[in-house]
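S.K.: Take a look at this one; I'll ask things after.
Readers should treat all values here as calculations from the given coordinates under stated rules, not as data from a laboratory. The model shown is predicted, which means the values in this text are computed figures rather than measured ones. When we count neighbours, we look across all protein chains shown, and the Cβ atoms used for this are built from the backbone with ideal geometry, even at glycine.
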Amino acid sequence: MDDQEFQRRASAALEALHRRLTEASENADFEPDFNAGALTIEFEDPPAKFVVSPNSPVHQIWLSAQSKSFKFAWDAARDAFTLPETGETLDEVVAAAISRQLGVSIEL
């Protein structure tokens with residue numbers, strides 16, 4: 001994948017994730033914000049901030065959540081960014097991290 005294709009796929013993935021997070025936040029206590037190509041998810045109780053951002057030089061999307069870092073690569077077979085180690089998608093990992101943070105199940 002070249003740089004332009006990565007940018008297109010990463011932007012589309014983050015925009016779609018932001019839409020789903022916005023819908024989910026109507027029934028849960030977190031606030032998503034998509035600005036300057038990065039997606040943040042903020043929590044008041046307990047306080048926390050997750051950051052999802054593209055890392056163009058290595059063609060990955062990185063998630064920083066709960067003192068952990070996750071690095072997602074494009075999986076053409078699944079048409080999604082996934083964790084190479086587990087095969088989990090970006091949406092699955094973000095939903096699980098939010099669920100752990102809030103103590104309630106969140107689906108995206």
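S.K.: Which of the listed residues, T89, F72, L17, is farthest toward the dipole's positive end in the chain, when Lys, Arg count +1 and Asp, Glu count -1 at the beta-carbon?
M.R.: Among T89, F72, L17, the one farthest towards the positive end of the dipole of the chain is F72.
S.K.: Could you please report the charge total around T89, scoring K, R as +1 and D, E as -1 over all other residues with beta-carbon less than 14 angstrom from its beta-carbon?
M.R.: Once all neighbours under 14 Å are counted, the net charge is -3.
S.K.: Rg to Rh ratio, the chain, alpha-carbon atoms and Kirkwood radius?
M.R.: Rg/Rh: 0.95.
S.K.: Multiply the residue gap between S69 and A38 by 0.36 nm, knock off their C-alpha separation, and tell me the result in nm, one decimal place.
M.R.: Contour length minus the Cα-Cα distance gives 9.7 nm.
S.K.: Once you charge only the Cβ atoms, +1 for Lys and Arg and -1 for Asp and Glu, what is the size of the charge dipole of the chain about its Cα centre, to the nearest 20 debye?
M.R.: Around 280 debye, computed over the chain.
S.K.: So, one more: Using only Cα atoms, find the angle between the long axis of helix 90-102 and the longest principal axis of the chain, and express it within 0 to 90 degrees, rounded to the nearest 10.
M.R.: Rounded to the nearest ten degrees, it is 20.
S.K.: Please compute the length gained on full extension between E15 and D45, using 0.36 nm multiplied by the number of residues separating them and subtracting their Cα-Cα distance.
M.R.: This chain segment gains 8.3 nm when fully extended.
S.K.: Need one number: nm distance between label points at D3 and A96, each 7 Å from Cα along Cα→Cβ, rounded to one decimal.
M.R.: Distance between label points: 3.3 nm.
S.K.: With a Förster radius of 25 Å, plug the Cβ-Cβ distance of D79 and A28 into 1/(1 + (r/R0)^6) and report the FRET value to the nearest 0.05.
M.R.: 0.40
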